[in-house]
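> Have a look at the structure that comes next, please.
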Amino acid sequence: MEEKKGSIDLTLISKLGTSERRTKVLPCGYLASIVKVEKGLYMKKINAMNSLFLVVLSFTFGSGCSSHQKVDDTLHFYVSMKIKTLDPQMSTDTYSSRQIGKIYSSLYSYHYLKRPYEMIPALAEKMPSISKDEKTYTIKIKKGILFQDDECFKETQGKGRELTAEDVVYSWKRLADTQVRSPNWWLLDGKVLGLNEWREKYKGKKANYDEPVAGLKAIDRYTVQIKLIQPSMQFIYSLAMDPTSPVAREAVEFYGSDFSRNPVGTGPFQLVRSESNFTQKLVFVANPNYRDHFYPSEGSEEDKKNGLLEDAGKKLPLASKVVVDVVVEDQPRWLNFMKGRLDFIEIPKDNYAGAVTETKSITKDLADKGMSLAKDPMIDITHESFNMADPVVGSAKKSNKYLRQALSLVWDSSELIDLFYNGRAIPAQSPVPPGIFGYDRNLVNEYRKFDVEKAKKLMKKAGYPNGKGLPEIRYSTYNKGTSRQMSEYLKKSFARIGVKLRIDTYTWPEFLKTVKNRKSQMHGFAWRADYPDAENFLQLFYGKNASPGSNDSNFENGHYDRLYEKLLVTRDRSSQKKIIEKMQKILIEEAPWIFGVHRMNFTTKHGWLKNYKFSSFDKDRAMYMRVDLNKKKELLKKL
C-alpha cells in the first residue's frame, strides 16, 4: 500500500542558515521559541519552524485551555494527506485505506491482538474451504449482513439490503473492468479462471456484469466459489484487502462518478456526508446496521497487562463517532495532539527530542500528563523510484543502469536516518523488510554503500563524466514540508557527482496521478505491506503490474517476471527462499529503485484512549478503540 515517505517524520529544514529553534508547548497552548545559533548546520535534533509561523499557529488553535473542550466518546484521529477516494476497488494508499476500512468490510481480516498476524473471518462465515488441488476456494457468507441505509436502495425504500454472494462476484468483476481502471487488477490478474478473458472481451466498452465467469460464481445466495488457474500461496491474502471488499451494485450505478465520495458499505461506521470533505475533515458515525461483531477475547499476557482485554466480548464498534481531521503539516498536528484534540499521534521528528528520552522512553513531562509511548516495527520500505520507461534514467540504454547505480551510491542511508528519522529506521538493502519470510539480515547491496568516488566512476561508465551531457532530472514530489525537504536533500546528494535535479511539487492526488500516468521521471514513495508476505513487495517490480498498477517504476525484466511467476506457485519454503534471493540480485544490479529505509513507528497517545495497539494491517482499527470519559476529563486539566 503506497504511502508518502515521511509518514512518521516531521518537518526538516535542509539548511538552517544562522539559527535553529526549539519549540515548546506551554500551558493553554502558548508557544515559546528558544534560539540557538549554529551557522550552516543541518538540523538533527531540534525544530526549525519559523517563529512568526509559530505565533500564527497559536492564534489558529486558540489560546484557551484544553479543559474547556467538550468531552464525549468521539474518537479524534487524523490523516496527513488529503483523501483520494473512498471506493474500495480504487484504493491504493494507506490514507484512503484507513477510511475505507471504517465503511467497508472484507471477507477476511486480521485478529486485532494476535501476533504473528492471524487471518480471521469477517464477512465470511469461516475460513475458505480449499480443494485438494488448491485451485478451488469455497466461501460461505454470513447471513443477515446488511449494507448501510441509503437512498440508492429503491426497492427497500432506502433501507440497507442484505449482502449476498452476488455482491462479491459483482465487486470482483468491477475490479477487472477496464472501464473502471482499478490500479488493483494485479490482485486477480492471471489468477481466476476466465476472468482475464471476460476483461479482454469488454476492453474499451461497457462490460456485461451479468455474463458468467467460469472461475467466479455465486453457487447460492450465500456461497461464492472461486476457481484459480493454478495454486497460489498468496491468493488468500487478497481476500482481506480493500479492493476485494463487496460493494453494492445499486450504489455504484446510482452515484456514478460520485461513488468514491458516497460510500455505501457493510462496515462498522458510515460517512456523515453533510459534515465531511476530502480536504479538511471526515466524520463517521456508528452504522446501526452493523453485524454482530465483538471485541476479541484472546490476546497475549502483555495485552492483558496493558488493559487490551478489558472490553472482551463487547459489541463493536465501541465508539459512536469518529472525526478524522486532514492535517497535512506536522507542527499543527503536534499542537492539536498536545491540546488534546487528537487522541494519538506518530511522533514528529522535530518533537522527538522533547517527547522521547535517550533510553527511548517517554519524557517525564508527557508521562505526567498521562501520555504513553508505543514503539513498533513497520513492515515497510521507503524508496526513490526511477521511471524505467523514461529514455534518460530508464532501461532504454543498458548504460543507464550505471547512472542509477551511481545515484544510489550517493544517497547516504546513515545521514538520511539521522536527519529524517531520529534513528528510527534501518537501511534497506532490498525491497523485502524485516518481519516477514524472505528477509535476509546478512544481505549487502553494493550500491547502497555510500561511496562518492565509486559513483563518479560509474557516471563516467554511463557516459556522463561529472554529470556532463546529462539533462536535468525531473523529480516529482508532494507539497508537504517533509517531502519537500527530503527532495532538497536528494538534490544536494546528486550534486556530489554533478547531477542536477529539478523538483516538481504536487498535491497528493495530483502526485499519484502523475506517477500512474507515467509522467514522472523520478519520484519517492513508501510501500507498507498489504499482507505479511515477501511477494507483496516483489510484485512491485512485476512487468504486468506497471503503472497504473503497483509497479510505479515500470520495471520490466523477463528473467525477473519468470521468477516471480514461479514464486507464486512454489510451496516449499526452501525453494521460495532461493527464488527470492535471485529476484533480489536482479533488482540490486538493475537498480530501478534507490532503496531507502525500513521504519520504526513511535506513537504517543493520551491516557484516555483505550485499546490502541499498532498493526501493520490496521484499516479497521477504529472500531476497537474508545474514550474513557472520566479519564479524559481528568487529564485535559493537565494539558
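> Can you give the charge dipole size of segment 372-490 about its Cα centre, rounded to the nearest 20 debye, using +1 on the beta carbon of Lys and Arg and -1 on the beta carbon of Asp and Glu? The partial results should precede the final answer.
On the way: 18 positive and 13 negative charges, 110 e Å.
About 520 debye.
> A further question on this structure: Roughly what % of Cα-Cα distances in segment 73-188 sit above 22 Å, to the whole percent? Show your work: numbers first, answer last.
Working: 3287 of 6670 pairs.
Across segment 73-188, Cα pairs with separations above 22 Å total 49 percent.
> Something else: What are the ³J(HN,Hα) couplings of segment 233-246, residue after residue, when phi is run through the Karplus curve with 6.51, -1.76, 1.60 and θ = phi - 60°? Round to Hz, x for glycine and proline.
For segment 233-246, the Karplus curve yields 5, 8, 4, 4, 5, 4, 6, 10, 9, 3, x, 9, 5, x Hz.
> Separate question: Would you work out the charge dipole size for segment 83-267 about its Cα centre, treating the Cβ of every Lys and Arg as +1 and the Cβ of every Asp and Glu as -1, and quote it to the nearest 20 debye? Present the calculation step by step, with values, prior to reporting the outcome.
Numbers: 28 positive and 24 negative charges, 72 e Å.
So the dipole magnitude of segment 83-267 works out to roughly 340 debye.
> Using the eigenvalues of the Cα gyration tensor, what equivalent ellipsoid semi-axes result for segment 83-267 when each is taken as the square root of five times the eigenvalue, whole Å, largest first?
On the way: eigenvalues 105, 83, 58 Å².
The equivalent ellipsoid of segment 83-267 has semi-axes of 23, 20, 17 Å.
> Moving on. Based on the Cβ-Cβ distance from K500 to R441, what FRET efficiency comes out when R0 is 51 Å, to the nearest 0.05? Intermediate values should be presented prior to the final figure.
On the way: r = 36 Å, r/R0 = 0.72.
Computed FRET efficiency for K500 and R441: 0.90.
> Which links in K456/K513; K84/K491; K460/K544; K360/K605 stretch past 24 Å when you go from one Cα to the other?
On the way: K456/K513 34 Å; K84/K491 28 Å; K460/K544 33 Å; K360/K605 15 Å.
Those over the limit are K456/K513; K84/K491; K460/K544.
> Under 13 Å from a label point 7 Å along Cα→Cβ of E453: give me every residue in segment 408-436 with its amide N that close.
No residue passes the distance filter.
> Between the alpha-carbon centers of segment 371-428 and segment 598-633, tell me the distance in whole angstrom.
30
> Ok, one more. Near the amide H of I141, under 5 Å away, which other amide H atoms are found, from residues 5 or more places off or on another chain, if H is placed in the peptide plane?
E125, T223, V224
> Rounding to the nearest 20 debye, state how big the charge dipole of the chain is about its Cα centre with +1 on each Lys and Arg Cβ and -1 on each Asp and Glu Cβ. It would help to have the intermediate numbers written out before the result.
Values: 104 positive and 78 negative charges, 307 e Å.
Charge dipole, the chain, about its Cα centre: 1480 debye, nearest 20.
> In addition: For the ranges 114-127, 352-365, what's the packing order if you count other beta-carbon atoms within 10 Å of each residue, average per peptide, and put the highest first? Could the numbers behind the result be given before it?
Values: 114-127: 15.9, 352-365: 14.1.
Highest to lowest by the protection proxy: 114-127, 352-365.
> For segment 393-451, place one equal point scatterer on every Cα, skip the solvent, and apply the Debye formula. What is log10 of I(q)/I(0) at q = 0.19, 0.25 Å⁻¹?
-0.82, -1.05
> Shifting gears a bit: Among G607, I579, P592, which residue has its Cα furthest toward the positive end of the charge dipole of segment 576-616, with +1 on Lys/Arg Cβ and -1 on Asp/Glu Cβ?
G607
> Say R0 is 30 Å: what FRET efficiency, to the nearest 0.05, do E166 and R273 get from their beta-carbon distance? Before the final figure, lay out each step's value.
Numbers: r = 26 Å, r/R0 = 0.88.
So the FRET efficiency works out to roughly 0.70.
> When the helix-only estimate is applied to the chain (DSSP H runs of n ≥ 4, each -39,500 (n - 2.57), divided by the residue count), what is the mean residue ellipticity at 222 nm, nearest 500 deg cm²/dmol? Mind dumping the intermediate values first?
Working: 19 runs with 168 residues, N = 639.
My calculation for the chain gives -7500 deg cm²/dmol from helical runs alone.
> Right, here's the next one. Positive end of the charge dipole of the chain (Lys, Arg +1 and Asp, Glu -1 on Cβ, about the Cα centre): tell me which of L538, L501, L175 has its Cα farthest that way.
Result: L501.
> As an exercise, use a Förster radius of 56 Å and the Cβ-Cβ distance of H559 and T363 to find the FRET efficiency, rounded to the nearest 0.05.
On the way: r = 52 Å, r/R0 = 0.92.
Given R0 = 56 Å and the Cβ-Cβ separation, E is 0.60.
> Ratio to report: Rg/Rh of the chain, with Cα atoms as the point set and Rh obtained by the Kirkwood method; give two decimals. Could you put the intermediate results ahead of the total?
On the way: Rg = 24.8 Å, Rh = 25.8 Å.
Reported Rg/Rh, Kirkwood definition of Rh: 0.96.
> Further question on the same structure: Which of H559, S129, A622 sits closest to the plus end of the dipole of the chain, meaning its Cα is farthest towards the positive end, when Lys and Arg get +1 and Asp and Glu get -1 on the C-beta?
H559
> Let me ask something additional. Can you run the Rg to Rh ratio on segment 409-532? Use alpha carbon positions and the Kirkwood inverse-distance Rh. Walk me through the numbers before you get to the answer.
Numbers: Rg = 16.0 Å, Rh = 16.3 Å.
That ratio is 0.98, to two decimals.
> Tell me, in nm to one decimal, what length is gained between K637 and K201 on full extension, where the rule is 0.36 nm per residue of separation less the Cα-Cα distance? Before the final figure, lay out the partial values.
Working: separation 436, 0.36 × 436 = 156.96 nm, distance 6.44 nm.
Here the segment from K637 to K201 would lengthen by 150.5 nm.
> Sticking with this one: When all alpha-carbon pairs of segment 505-639 are counted, what percent fall beyond 24 Å?
On the way: 4594 of 9045 pairs.
Tail fraction, whole percent: 51.
> Still on this structure: In whole Hz, what ³J(HN,Hα) sequence does segment 357-363 give by Karplus (6.51, -1.76, 1.60; θ = phi - 60°), x for Gly and Pro?
Here the 3J(HN,Hα) series is 7, 5, 8, 6, 10, 6, 5 Hz.
> Show me the trypsin sites (Lys or Arg not before Pro) within segment 475-505 that DSSP assigns to loop and that have at most 12 other Cβ atoms within 10 Å of their Cβ.
Working: sites: K480, R484, K491, K492, R496, K500, R502; in loops: K480, R496, K500.
Here the trypsin sites (Lys or Arg not before Pro) that fit, given the DSSP loop and packing criteria, are K500.
> Moving on. Label points 7 Å out from Cα along the Cβ direction at K519 and E155: separation in nm?
4.2
> I would also like to ask the following. Among the trypsin sites (Lys or Arg not before Pro) in segment 528-593, which ones are in a DSSP loop with at most 12 other Cβ atoms within 10 Å of the Cβ? Mind listing them? Mind showing how you got there, number by number?
On the way: sites: R528, K544, R562, K566, R571, R573, K577, K578, K582, K585; in loops: R571.
Within segment 528-593, the qualifying trypsin sites (Lys or Arg not before Pro) (loop, at most 12 other Cβ atoms within 10 Å) are R571.
> For segment 380-599, how big is Rg over Rh, using alpha carbon atoms and the Kirkwood form of Rh?
Working: Rg = 16.5 Å, Rh = 17.5 Å.
Taking Rh as the inverse mean 1/r over Cα pairs, Rg/Rh reads 0.94.
Each value in this text was obtained by applying a stated rule to the coordinates, not by laboratory testing. Just so it is clear, the model here is predicted, and its values are computed rather than measured. Because the Cβ atoms are built from the backbone with ideal geometry, glycine has one as well, and the counts that use them run over all protein chains shown.
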